[in-house]
Amino acid sequence: MPITVWYAFHAEGWYTWLPVGVFFMLVPLAEFLFPVANQNLEAHERALAASDRYYDLVLYLMVPVQVAFVFLFCHVITDSSATPVELGGRVAAMGLMCGVFGINMGHELGHRTERWERLLGEVLLLTSLENHFTIYHNRGHHYNVGTPADPATARRGEPVYIFWLRSQMGSYIQAWQIEANRLRKKNQPALSIHNKMIVYSLAQAALLGGIYAAFGLRVVL
């Protein structure tokens, strides 16, 4: 994915949409055409995979890659000569990076027990302004999944874009509620620096403010 996104940032015309074509058309087509492996790992294979640091290193290395691409994107978008097609293609390419690296990999690291690994996940989620995801997902979604109390559980027959809007808004609101309840149990004020949602909001404001100072309003938008 970083290779195709790098290409999109430097290509012209419809070639800037290469990542969208690869990951929304070619990859699904390949999954459709090639046989599916239905077998789970054997017990000894699971043990080997659990002790293989390769998978962890891949996740860790994606953090500087994602951060670098965010700032490369900011630089590329300053090009005022880009056509609407090129602008859209580059934005879509960065969106793919933010979705897969920023959210999916941030989600994985957010489940880790080591604090420094969760911090790496928070950095990845910051690139998508989705830091509330860890709070809501770990302490909301996992408790309420499949019930009406979970915004990230689609209703039967619900249109996908209605679900997306409800999921995004509902999970953000629940993250604030979860943090307030956590602090209340510890006899700490909800409106304090101990509230992770406040810390996350300040971090996101600092990121956007830094981008504005370095690149201007167009890039922030």
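Every number in this text was worked out from the coordinates using simple rules, so none of it is lab data. All values derive from a computational prediction rather than experimental measurement. Don't worry about glycine lacking a Cβ; one is built from the backbone with ideal geometry, like all the others, and counts go over all protein chains shown.
With only the Cα atoms considered, the stretch 59-131 has a convex hull volume of 69 Å³ per residue. Which shape class, rounded, prolate or oblate, goes with the stretch 96-154 when its Cα gyration tensor gives a ≥ b ≥ c as root eigenvalues, a/c under 1.5 marks rounded, and past that a/b bigger than b/c marks prolate? Here the stretch 96-154 falls in the oblate category. Applying 1/(1 + (r/R0)^6) with R0 = 35 Å to the Cβ-Cβ distance of V65 and N40 gives a FRET efficiency near 0.70.
Taking the stretch 109-129 and a reference point 7 angstrom along Cα→Cβ of V91, the backbone N atoms nearer than 19 Å belong to 127-129. Taking the Cα atoms of the stretch 115-221, the ratio Rg/Rh between the radius of gyration and the Kirkwood radius comes to 1.03. Scanning the chain for long hydrophobic helices, with DSSP H runs required to stretch 15 angstrom or more by C-alpha along their axis and to average at least 1.6 on the Kyte-Doolittle scale, returns 54-77.
Each peptide in 2-13, 154-165, 127-138, 19-30 was scored by the mean count of other Cβ atoms within 10 Å over its residues; highest first, the order is 127-138, 2-13, 19-30, 154-165. Here the label points at L208 and W116, each 7 Å from Cα along the C-beta direction, are separated by 3.2 nm in the simple model.
Of the options [x] 31, 19, 17; [y] 30, 26, 19; [z] 36, 18, 18, only one is semi-axes √(5λ) of the Cα gyration tensor in Å as computed from these coordinates, and that is [y]. Sort the stretch 144-203 into rounded, prolate or oblate with this rule: let a ≥ b ≥ c be the square roots of the eigenvalues of the Cα gyration tensor; rounded if a/c is under 1.5, and if a/c is not under 1.5, prolate when a/b is larger than b/c, oblate otherwise. Oblate. Rounded to the nearest 0.05, what FRET efficiency do F24 and A190 give with R0 = 30 Å and r taken as the Cβ-Cβ distance? Could you check? Once rounded, the FRET efficiency stands at 0.15.
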